[in-house]
Amino acid sequence: MASSYWHASGRHLILSILWFQTFYYQIRITNECDQTFVSRQGGPLNGTFHAPEFVNPKGHSRQCVYVFIAGPGQRAEVVFTHFQLRGTPPDGAAVGNLPACIHEYMDVYSEVVHTESAELINSPFGGRYCGPIPPRRRVSLYRAIALSFYTDKNASSPDLFRGRYAFVNDSKSTEFEVGTPVPNTPCSFLVKGAAKPTGVILSPTYPGAYPKNITCTYQFLGTPNQRVRLEFRDFDLFYGGPHCPFDYVKVYDGPDNGSAIIGTYCGQQRNLVLYSSEASLFITFVTLTRTASTQNRGFKGIFEFSNSFTKLDFISKNDGIHIRGSECDQKILSKKESSGSVFSPNYPFPYMPKLVCRYFIYGLQDAQHLERVRLEFALFEIPKGPKSDCSDGYLKIYLKGQETTDSYDKFDYEMCGEEANPSVVISEGPRLVMVFSSGEKMGRGFKANYTFETEYKIPGTASPDGSCSFTYRSTSKRKGEFNSPRYPSNYPSNTNCTYLFIATHNEQVILVFDNFKVRADRNTNITSGFYGLDLCQEDWLEIYNIYHNSSEKLLGRYCGQTAPGPVESYRGALGLKVVLHSDAENVYSGFRARYVFETAKNIFGDCGGNISNTDYGVITSPHFPLNYDGPLKGRASKICNWYISVRPRYKIMLHFERFMVEGDPFPRGCPAAVLRLWLNLNEIPTELCGEKRLEDNWQFLSESNRIRISFVTADKAVGAQGFKIIWTEVQEGPSCDEFQCSKTGYCIPFKLKCNNIYNCGADDNSDEDNCTPKVAEKNYTTVSACAVATVMFVLLMVVVFCHRKRRRRSQDRCLVRPRPIPVAPPPLSTTPSMRRSHHQQQQRMCEELGERLANIDSV
């Protein structure tokens, strides 16, 4: 519809008034049920209306128009007190939407210029309603309101709807006349502080539903040194989203819409109070063209011009930024580790009573920076209340930087009196908020010095100079965690962070890394993981053993996702040092790790040993070929150290026959278990984990005649088969006085040939070629010894058997009667004495035989 019908000129308005005056003293019935209510001089300014009463047996379409016409300087107001139309909106239809109601409904027009029924179609449509929900209060934009009642029901009764109407004054002294009207506009005004220092501002038809497709402006112009205060007591606009794309009120901090914007508002607002920074303020109220789906009231507020509002010079003199729309709120932004001072209003003079100012101090927070706020009070004077408390005035501090008013009761400190307590506060993030409230008493206020410090979010004792340096002592805490700056967020670029772990006498420190991701240039050819000085050139993490004489020894450099294996400080070392370095390029999330201080172990750890004076040997993980285990309960790690030394001018060759240790060097490193090889005791070790395939050949050669092997498992290790290593003392060719391996060219002792162990290394079996059967040669000595032992045992048993048999035979001869011995026959006649002599002689013979056998048994 044409906008000329919406915002009619004064000429059209006069014509319509003349038309209405024709029926000034009567109610005109156009369609039997049409009614017109006209304000007349000296007549009533209000009344009631209701639905028509008629019978419609054939269900013809009936339409009744109710027109309310106010007099000059008046507006019409309509309020429904009862509403029960029989038309029902479809499910989900919003009140006032078309075509919501079909058989019976009420159409509302509150911006009527031409009141003829035929001209209502050209008036802005205010909504269609049916069912039990009535239209909200309506106030005319000009001087007339029209209601169009439609029904095709069989009958109509007054109980369908009832309401009341009123004609309200619209003179310059009323609220609708905000200021001087702007020509040719329905609702724009100019307000000058010199002529009208205070007043009311409201939407064009408040408290009735506001019109659609309308733009109203309110321009406030004060005198020098004045500021404008605007307080909305009621604010109810259609809410179309957080950016208010439909209906809105926009406030500008200046004389026109080219000034800086204070804010754009819609929906329902509470306690909305706005201040201009200087002497002018500009407001626009905009509604869009659309079918009315809501019945919002609009807004009502008060305004005031005054030169007693807080002067803002206390903000600008300290690089603060006034927050537009507030009386004295300010924000202070970091300029990267910058510093300055912050003051109470009117400082160094006493502040004004009944004042609330907020301070928002913001440190840097982005992909590269994270700061915290350090605040130190230099002067503080806020008088206490009558009960020596902070009921009259206070300064509240929020270390977490709460920015919403509903969080202001969760302050960290509330200060008043003659000194700040505490005198130094540090924020718990990049923001710190202060709220200053003055009461009836006046004081000098406060002065505080702020400093923006880099915030690393690292547990531990921070360095006093604010650098990224943290110390962990066993005397303070036996175990804990540490991490890269801002973990799990990305660490900043161009950063060097140092972590010192200081143990006491007879202690060691253990480090276990749980998460690790440090930037490294990807190289698809890398399969053994990102560690070492050559591969980690951009961002990296280094681990050192540190000693009492201030010397240190590098254990390893790591980057990518190759997490360091568990680390134990050397016995006799002061502790460990960890350094994280990042350059100017991209950054990653960094790391998270644990530390534990434990009683120092011996030089070999939990297992291991010192090996020397031999040509070769075999080293296996604990319980091999079964799975190795982790540390004992309550311990952070388990370590086995082997120290191997051979003859001077010889080297040590390591050949891995089997290797299976949890972890994978390339994707995630060796955080749970690791095997470290020091092929040169003065350089960083090689770290191994993962699994060696059967077809892979793993072989290492020392750079001198000594090496060290360490196997470390952390408390999170789950176990695997472990490893078997064959080491051999070798000399490198070309000349060789002993056996020379055919492929590797190593020179090994002759006695290692054909010993059933491949001492020449991986893929070289020359030392075991052309050998006699190994079983006979290997068992000859044992078989010979067994044969000799068997023969001796058999001889011994034979001797014992013969001896015992002979003894039994001798004893039997003593018990059996002996043969007669040829002797001279006795005389025919013998005497008893002669017989006794013969018996005694036989007895002595048996005793002598027994003594001889006894002598033979003793031998």
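A few points about this structure:
- Here each label is just a point 7 Å from Cα along the line to Cβ, and for N122 and H623 those points are 9.8 nm apart.
- Shown here for the range 324-419: chymotrypsin sites (Phe, Trp or Tyr not before Pro) in loop regions (DSSP other than H, G, I, E, B) with at most 16 other Cβ atoms within 10 Å, namely Y408.
- Within the range 672-727, the GluC sites (Glu not before Pro) that combine a DSSP coil assignment with at most 12 other C-beta atoms in a 10 angstrom radius are E683, E695.
- Proximity of backbone amide H atoms, modeled 1.01 Å from N, is registered between I707 and I644 at under 5 Å, excluding neighbours fewer than 5 places apart on the same chain.
- Computed from phi, the 3J(HN,Hα) profile of the range 624-637 under the Karplus parametrisation 6.51, -1.76, 1.60 (θ = phi - 60°) reads 4, x, 6, 5, 6, 10, x, x, 5, 4, x, 9, 8, 7 Hz, with x in place of Gly and Pro.
- Projected label points at I302 and N271, each 7 Å from Cα along the beta carbon direction, are separated by 1.8 nanometres.
- Model label points for K716 and T772, set 7 angstrom from Cα along the Cα-to-Cβ axis, are 5.7 nm apart.
- FRET efficiency, D583 to K387 (Cβ-Cβ, R0 51 Å, nearest 0.05): 0.30
- Taking L576, L190 and counting other C-beta atoms within 10 Å, the order from fewest to most: L190, L576
- Each residue in L675, L281, L355 was given a count of other beta-carbon atoms within 10 angstrom of its own, and listing them fewest first yields L355, L675, L281.
- Label zone at L379, where the point sits 7 Å out along the Cα-to-Cβ direction: the range 414-432 residues whose backbone N lies under 16 Å: 417-420
- Sites T185 and T289 - FRET efficiency at Förster radius 22 Å, r taken between beta-carbons, to 0.05: 0.80
- Which of H60, H103, H369, H505 has the fewest Cβ neighbours within 10 Å, and the rest in rising order: H505, H60, H103, H369
- Using C-alpha pairs under 8 Å with a sequence gap of at least 6, the mean separation divided by the residue count of the range 461-600 gives a relative contact order of 40 percent.
- Positive-end extreme of charge dipole, the range 461-600 - chosen from F513, A584, S474 (charges on Cβ): S474
- Using only side-chain charges placed at the Cβ, +1 for Lys and Arg and -1 for Asp and Glu, the dipole size of the range 313-454 relative to its Cα centre rounds to 200 debye.
- Paramagnetic reach from E552 in the range 676-690 [backbone N under 19 Å; point 7 Å along Cα→Cβ]: 682-685
- Given their separation in residues at 0.36 nm each and the Cα-Cα distance between them, S489 and T599 gain 36.1 nm when the chain is fully extended.
- For trypsin sites (Lys or Arg not before Pro), the sites in the range 163-238 that DSSP calls loop and that have at most 14 other Cβ atoms within 10 Å are K172.
- For G325, the amide hydrogen comes within under 5 Å of the amide hydrogens of Y275, S277, counting only partners 5 or more places away or on other chains and with H modelled in the peptide plane.
- Efficiency of FRET between K743 and N613 - r from beta-carbon atoms, R0 22 angstrom, step 0.05: 0.20
- In straight-distance terms, cross-link reach from K692 covers every one of the lysines whose alpha-carbon lies under 17 Å from its own, apart from those fewer than eight places away in the same chain; here that gives K724.
- The dipole here belongs to the range 529-625: it is taken about the Cα centre, uses +1 on the Cβ of Lys and Arg and -1 on the Cβ of Asp and Glu, and is about 380 debye.
- Overall form of the range 445-521 per C-alpha gyration tensor (a/c, 1.5; a/b vs b/c): oblate
- Within the range 698-755: Cβ-based charge dipole about Cα centre, in debye rounded to nearest 20 (Lys, Arg +1; Asp, Glu -1): 240
The numbers here are math on the coordinates, done by the rules we state, and not lab data. Please read all numbers here as calculations on a predicted model, not as lab measurements. Here Cβ is always computed from backbone atoms with ideal geometry, including for glycine, and neighbour counts include all displayed protein chains.
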